[in-house]
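Here the structure is laid out as structure tokens; the discussion comes afterwards.
No value in this document is a laboratory result; all are computed from the given coordinates. All of these numbers come straight from a predicted model, not from anything done at the bench. Because the Cβ atoms are built from the backbone with ideal geometry, glycine has one as well, and the counts that use them run over all protein chains shown.
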Amino acid sequence: LGSGHDEKHLKLLQQNILKCLDPKESLELLKSMAKGLSIAAEMNSSFFQSKGTQPLLDAALKNSMTGQQRVQLAFNNFLWLALDVKSGEDGLKRYTDEAMFENSKKMT
């Protein structure tokens, strides 16, 4: 995933990744998924800034707020990398703007 340079790779993998990000999955699977996504974010920092990654970021956010603390921390680390928080708030703002836009589309 991290070595993919276009959304083609994302479309191939996204549904399987989302199934594994279900908060009901095992603790070890969720921690491993967070670690793998973190590695992908480190390999290609701009990958998670595309619109197609919104469902992955939403699932990660859900896992960062529920379940075991170790899972929460692992997904917090991933979101930190994926949203490039160390460089400022631009990544976080982009994510929240996109999330609000998608949520408003669902309501209408």
Next item on the list: Within segment 53-99, track down each residue that is of a type in the set (A, V, I, L, M), more than 17 Å from MET43 (Cβ to Cβ) and touching a Phe, Trp or Tyr at 6+ places or on another chain (Cβ under 8 Å).
Entry: LEU61
Checklist line | Breaking point among (1) under 12 Å from the mean Cα position of the chain (by Cα); (2) touching a residue at least 40 places away in the same chain (Cβ under 8 Å); (3) within 27 Å of LEU27 (Cβ to Cβ), for SER50 | finding: (3)
